[in-house]
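Input: a single structure, listed below in structure tokens.
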Amino acid sequence: MNDMLNLLVGLAMGMNLLALGSSRLPAIIRAAAAQGVILGVLPLLVEAHLTWVTVLTCVATVVIKGFVIPHLLRRALRAASIDREVEPLVGYVPSLLIGAAAAIGSVALAGALPLLREHTGSLLVPGSFATVISGLLLLMTRAKAISQVCGYLLLENGVYLFGLLLLGRIPFFVEAGILLDLTVAVFIIGIIVDRIQREFDSLDTRKLTVLRE
Amino acid sequence: MTNLALIWMPLLAAALAAVWPRERSRPWLLLAGGGAHAVLSLWLLVFPPPATPNAWLAFDPLARAVLPPVSLLFAACAAYGAAYLRLRAERPNRVFVAVLLAMLGLISAAAQARHLGLLWVAIETATLATVPLLHFNGTGRAFEAAWKYLVVGGTGIALSLLGTFCLGYASLYGGGGGDLTFAGLAAQGAGLSRPWVLAAWVLLLAGYGTKMGLAPMHTWKPDAYGEAPGMVGALLAGGMTTAAFVALLRVRQVLEAAGAGEAASRSLLVLGLFSMAVAALFLIGTPDFKRMLAYSSVEHMGILSLGAALGTAGTAAALFHVWSNSLTKGTMFLSAGNLHRAAGARTIGEATGLGLTAPRSAALFLAAMLAITACPPFSPFFSELRILRAAVENGGGFTAGIFLFCLLLAFLGMSRLVLAVIEGRPRARRPEPRSGLRETAGVLLPPAALLLCSLWMGLAAPAELNEVWRAAARFLSLLP
């Protein structure tokens with residue numbers, strides 16, 4: 001069970017690198033969507049006793065992270081008729097290197113932190129930290145609004161991975177909170193992206209520079 | 001159970017506003033919801049409900065010490081809103097009114113939440129709900145501000161969820177049974193795993209610090225406050241930030257129980273002084289009087305954070321400052337909104353002579369500026385004096401020195417800008433008179449009332465209020 005779990009978390013960490021190294025927006029969206037689907041399946045492996053709540057959470061996560069949000073993002077992509085990221089603040093190769101370093105660093109960090117017996121040797125903690133860092137990196141260094149949304153998705157996925165450690169031990173509504181957060185955040189982001197696009201015609205947040213000191 | 005009405009009443013009013021058919025009469029719902037909320041929260045301030053230690057939502061000493069000023073501020077903003085939305089009849093107000101009321105309900109929930117997860121959910125939903133308020137004006141600049149608010153605020157919220165999980169894991173590692181109420185966590189005390197508690201504190205401080213607007217996580221603030229209508233800025237600066245401050249205080253209580261209170265206080269002290277310094281430097285330079293309000297808010301969040309770091313006396317003084325800040329900032333934002341409409345501009349070069357074009361609002365703005373920069377006899381002077389005293393007693397002369405120097409710089413920066421836009425001769429009249437130019441009683445009385453409250457709090461605050469703040473500070477420092 002634990003090997004299967006680690007394999008999937010490892011795959012999710014691979015998706016971070018795919019997202020960081022890609023210049024094409026559809027590829028970044030695909031990476032984030034694939035990561036969402038993998039994450040949605042994980043609770044089935046973590047939880048020993050399946051309840052309808054767990055199953056429902058899994059289905060909802062897969063549908064929202066894997067299909068609904070990527071669909072919305074692709075729609076925004078078509079509306080803006082853009083395809084590529086412009087030269088980011090930090091290039092693709094440096095981003096990849098930072099992402100890889102973050103993955104290694106996270107494994108080391110997780111080794112230093114005290115973990116419950118059933119979590120030692122699990123990739124959940126390092127996977128979570130690496131995904132959060134990759135998400136923040138995308139969020140901060142990319143210029144296009146859509147890559148930033150993908151960065152935010154990665155960030156959320158990292159938090160979700162950590163939440164799996166507490167699954168079954170924390171009240172139900174925290175799980176609901178994650179989903180609510182995700183749907184509503186992206187829903188609103190979607191609306192605003194739509195408006196920004198009408199306003200600026202390019203989804204380039206670097207044009208959002210009227211407000212500065 | 002009366003305390004729950006503070007949450008469901010505004011939410012109910014919000015739902016009603018969402019389906020209310022008439023544009024013209026909808027703003028009165030703001031007044032109804034805000035007024036009822038204010039009456040109820042003052043009632044609960046005077047007659048606190050019996051303690052319910054295990055409830056997830058309770059009007060405990062801390063909620064009692066912070067909710068009434070938020071409530072008063074909202075009531076004043078609601079009264080202002082009724083007049084303001086009539087002046088801005090060209091914009092649809094359905095979403096605006098509904099979201100404002102929902103925000104009030106969610107802030108009330110956040111201030112009363114005694115469960116780590118519930119607190120996060122309340123602050124998260126309040127953050128998302130405020131996004132539409134920021135682009136009420138519908139301009140490109142407003143969209144830009146809303147986007148930045150969402151990206152920066154959303155990141156802060158995600159980090160605070162991660163911190164929440166880390167604290168939960170600390171409890172599990174210490175043998176806890178998944179009880180994430182603050183009382184339950186504090187009861188575990190030293191049993192909480194220290195590395196995880198510290199990791200949680202870093203993440204929660206970054207996350208809720210972003211919502212509060214502590215430097216260096218304050219970057220969304222100038223844009224958001226600059227572009228949002230004045231009353232939205234007032235509610236963000238006096239309401240949302242208060243909720244985030246309460247969240248940090250409650251988490252700090254757990255840190256203290258876990259034996260890491262020293263580290264938590266030190267980080268609050270450093271962030272507080274850093275915020276004050278950053279804000280003071282920007283206040284010296286900014287030419288825009290609405291963005292000035294944002295930096296002033298960063299400064300006052302720094303003061304709150306500093307006060308919270310200075311022991312029980314400092315925390316009680318910080319809670320006093322929550323009142324000073326909410327009431328006085330309300331006057332500043334509302335009168336600044338009037339001036340912005342009258343001048344059609346907000347920077348030094350473009351807006352001058354507002355003392356002649358909008359004399360009453362300009363007088364209010366000037367008085368509120370003096371009040372917020374700690375001129376006696378307004379309440380910020382007295383609350384900051386108490387924080388200074390706590391700083392001298394606990395933090396030593398160095399902290400007190402930086403505190404005073406930053407206050408001085410902020411005063412110089414703000415008085416420079418405020419006098420520059422009020423003095424001088426107005427620019428040539430526009431060809432067509434603007435309808436927003438009129439200073440009606442509806443947009444003058446609410447800020448004036450808030451200023452009077454601030455004055456009253458300074459001159460004659462009853463001893464009972466003092467006891468409320470001290471009780472809240474004691475409540476926070478009590479180890480179970």
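Only one residue in A:Thr61, A:Thr54 is among the polar types (S, T, N, Q) and touching a Gly at 6+ places or on another chain (Cβ under 6 Å), so which one is that? Of the residues listed, the single one that is among the polar types (S, T, N, Q) and touching a Gly at 6+ places or on another chain (Cβ under 6 Å) is A:Thr61. All of A:Ala100, A:Ala143 fail the test of being touching a strand residue (DSSP E or B) at 6+ places or on another chain (Cβ under 8 Å), surrounded by fewer than 19 Cβ atoms within 10 Å (Cβ to Cβ) and in contact (Cβ under 8 Å) with a residue 12 or more places away in the chain, apart from A:Ala143. The residues on offer are B:Gly163, B:Gly178, and the sole one that is facing chain A (nearest Cβ under 9 Å), within 25 Å of A:Glu156 (Cα to Cα) and either surrounded by fewer than 24 Cβ atoms within 10 Å (Cβ to Cβ) or in contact (Cβ under 8 Å) with a residue 24 or more places away in the chain (or both) is B:Gly178. For the stretch B:246-299, the set of residues classified as assigned to a loop (DSSP other than H, G, I, E, B) and more than 14 Å from chain A (Cβ to nearest Cβ) consists of B:Gly259, B:Ala260, listed by residue number.
Residues in the stretch B:303-332 that are under 12 Å from the mean Cα position of the chain (by Cα) and small (Gly, Ala, Ser): B:Ser324, B:Ser326, B:Gly330.
Yes/no matrix, rows are residues, columns are (1) more than 17 Å from A:Tyr152 (Cα to Cα); (2) out of contact with any Lys or Arg (no Cβ under 8 Å at 6 or more places or on another chain):
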| site | (1), (2) |
| --- | --- |
| A:Met4 | yes, yes |
| A:Ile29 | no, no |
| A:Thr54 | yes, yes |
| A:His71 | no, yes |
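Please work out if A:Ala103 is more than 14 Å from chain B (Cβ to nearest Cβ), within 30 Å of B:Tyr169 (Cα to Cα), assigned to a helix (DSSP H, G or I) and at pLDDT 90 or above. Judged against the criteria, A:Ala103 is a match.
Got a sec? Which helices (runs of 4 or more DSSP H) wholly within the stretch B:161-230 have at least 2 residues that are within 19 Å of B:Gly117 (Cβ to Cβ)? Result: B:182-188, B:194-212.
Annotation note: of B:Ala170, B:Ala199, B:Ala224, the sole residue that is within 14 Å of the chain's Cα centre (by Cα), over 20 Å from B:Ala122 (Cα atoms), within 11 Å of chain A (Cβ to nearest Cβ) and not charged (D, E, K, R) is B:Ala224. In this structure, A:Ala145 does not qualify as among the hydrophobic types (A, V, I, L, M, F, W, C), more than 30 Å from B:Arg141 (Cα to Cα) and at pLDDT 70 or above. Here B:Pro92 passes the criteria (1) surrounded by fewer than 23 Cβ atoms within 10 Å (Cβ to Cβ); (2) in contact (Cβ under 8 Å) with a residue 40 or more places away in the chain; (3) more than 18 Å from B:Ser25 (Cα to Cα) except the one numbered (3). Looking across B:Tyr208, B:Tyr169, B:Tyr173, one residue alone is of a type outside the set (A, V, I, L, M), within 22 Å of B:Val322 (Cβ to Cβ) and in contact with a Ser or Thr (Cβ under 8 Å, 6 or more places away or on another chain). It is B:Tyr208. Among the residues of the stretch B:46-69, those that are in a helix (DSSP H, G or I), more than 15 Å from B:Ala109 (Cβ to Cβ) and in contact with a Phe, Trp or Tyr (Cβ under 9 Å, 6 or more places away or on another chain) comprise B:Pro61, B:Ala65, B:Pro68, B:Pro69.
When restricted to residues that are in contact (Cβ under 8 Å) with a residue 12 or more places away in the chain and more than 23 Å from the chain's Cα centre (by Cα), the stretch B:27-47 contains 1. Annotation note: of B:Gly140, B:Gly154, the sole residue that is touching an Asp or Glu at 6+ places or on another chain (Cβ under 6 Å) and at the interface with chain A (Cβ under 10 Å from one of its Cβ atoms) is B:Gly140. Of B:Gly311, B:Gly355, B:Gly330, B:Gly337, all but one fail to be at pLDDT below 85 and of a type in the set (Gly, Ala, Ser); the exception is B:Gly355.
Taken over the stretch B:55-79, the criterion of being modelled with pLDDT of 95 or more and either among the aromatic types (Phe, Trp, Tyr) or surrounded by fewer than 16 Cβ atoms within 10 Å (Cβ to Cβ) (or both) is satisfied by B:Phe74 alone. Residues considered: A:Leu136, A:Leu179. Of these, the only one that is at pLDDT 85 or above and of a type in the set (A, V, I, L, M, F, W, C) is A:Leu136. Which members of the stretch A:133-153 meet the condition of being in a helix (DSSP H, G or I) and more than 11 Å from chain B (Cβ to nearest Cβ)? Once the filter is applied, which keeps residues that are in a helix (DSSP H, G or I) and more than 11 Å from chain B (Cβ to nearest Cβ), the stretch A:133-153 yields A:Ile133, A:Ser134, A:Leu137, A:Leu138, A:Thr141, A:Ile146, A:Ser147, A:Cys150. As for the stretch B:36-54, it holds no residue that is in contact with a Leu (Cβ under 8 Å, 6 or more places away or on another chain), modelled with pLDDT under 90 and surrounded by fewer than 24 Cβ atoms within 10 Å (Cβ to Cβ).
Reported count of residues in the stretch B:227-271, each being acidic (Asp, Glu) and under 12 Å from the mean Cα position of the chain (by Cα), is 0. Does A:Leu50 satisfy the criteria of being of a type outside the set (Val, Ile, Thr) and either in a helix (DSSP H, G or I) or closer than 19 Å to A:Gln148 by Cα (or both)? Answer is no for this residue. Here the stretch A:154-166 is the region considered, the condition is being more than 15 Å from B:Cys166 (Cβ to Cβ) and more than 7 Å from chain B (Cβ to nearest Cβ), and the residue that is surrounded by the most Cβ atoms within 10 Å (Cβ to Cβ) is A:Leu154. Mind checking whether some residue in the stretch B:108-116 is within 30 Å of B:Thr315 (Cβ to Cβ), part of a strand (DSSP E or B), within 14 Å of another protein chain (Cβ to nearest Cβ) and in contact with a strand residue (DSSP E or B) (Cβ under 9 Å, 6 or more places away or on another chain)? Checked against the condition, which is being within 30 Å of B:Thr315 (Cβ to Cβ), part of a strand (DSSP E or B), within 14 Å of another protein chain (Cβ to nearest Cβ) and in contact with a strand residue (DSSP E or B) (Cβ under 9 Å, 6 or more places away or on another chain), the stretch B:108-116 yields at least one hit. Do the conditions hold for B:Leu12, that is, is it under 21 Å from B:Val121 (Cβ atoms) and surrounded by fewer than 19 Cβ atoms within 10 Å (Cβ to Cβ)? Yes.
The values are calculated or read from the model by the stated rules, or taken from the named source; none is laboratory data. The structure presented is a predicted model; accordingly, all values stated were derived computationally and were not measured. Reconstructed Cβ throughout: ideal geometry from the backbone, glycine too, with neighbour counts over all protein chains shown.
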